[in-house]
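To start, the structure under review is shown below, and the notes come after it.
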Amino acid sequence: MTLRRVMRWLLAIFFVFAGAMHFLRPALYLQIMPPYVPWHQFFVYLTGAWEILGGLAVLVPAWRRAAGVSLVVLLVAVFPANLHMAINDVAVDGRTFPPLLLWLRLPLQGVLIAWVWWCARRD
């Protein structure tokens, strides 16, 4: 098995797990939604389903490229919530996080985008 295949499977597991968490623990995601975004619960479930479907689709060769583009769009779309959390020091379940950790989390979106893009390429 090639490195790209292994990383693709890890990516799929990552996104399916992350997406499932939107349904299992939606309150965690509702807490970090920026106030200017409407329909918080709808978008929490939508992004969860998007992550699950994208994670699975990246494993299907015929859907891989579209899944990669879709997941990149998703990662860009959720960036404002991560930024909102860092700027406003948003607590989750009453727990605050060190500001440095919240700010270091932001460039992680770029790493995830690169991982998705690399995995969505052909073998």
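For Arg64, state whether it is of a type outside the set (A, V, I, L, M), in contact with a Lys or Arg (Cβ under 8 Å, 6 or more places away or on another chain) and in contact (Cβ under 8 Å) with a residue 40 or more places away in the chain. Let's see the steps before the verdict.
Details: of a type outside the set (A, V, I, L, M): yes; in contact with a Lys or Arg (Cβ under 8 Å, 6 or more places away or on another chain): yes; in contact (Cβ under 8 Å) with a residue 40 or more places away in the chain: yes.
Answer is yes for this residue.
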| task | Of all residues in segment 35-90, count the ones that are surrounded by fewer than 17 Cβ atoms within 10 Å (Cβ to Cβ) and of a type in the set (Gly, Ala, Ser). | result | 4
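How many residues are among the aliphatic types (A, V, I, L, M) and farther than 22 Å from Leu30 by Cβ if we restrict to segment 42-70? Working first, answer last.
Keep residues of segment 42-70 that are among the aliphatic types (A, V, I, L, M), which gives 44, 46, 49, 52-53, 56-60, 62, 66-67, 69.
When the remaining residues are screened for being farther than 22 Å from Leu30 by Cβ, the result is 56-60, 62, 66-67, 69.
Matching residues across segment 42-70 total 9.
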| task | Go through segment 7-23 residue by residue and tally those that are free of Cβ contacts under 8 Å to residues at least 40 places away in the same chain and farther than 10 Å from Gly48 by Cβ. | result | 2
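From the list Pro38, Pro34, which one is within 20 Å of Leu108 (Cα to Cα) and in a loop (DSSP other than H, G, I, E, B)?
That would be Pro34, the only listed residue that is within 20 Å of Leu108 (Cα to Cα) and in a loop (DSSP other than H, G, I, E, B).
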| query | How many of the residues in segment 86-123 are in a helix (DSSP H, G or I), without any contact (Cβ under 8 Å) to a residue 60 or more places away in the chain and not small (Gly, Ala, Ser)? | reply | 17
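Quick note: the coordinates plus some simple rules give every number you see, no bench work behind them. Bear in mind that the values here come from a model prediction, so they are computed numbers and not experimental data. Cβ atoms come from the backbone with ideal geometry, glycine included; neighbour counts cover every protein chain shown.
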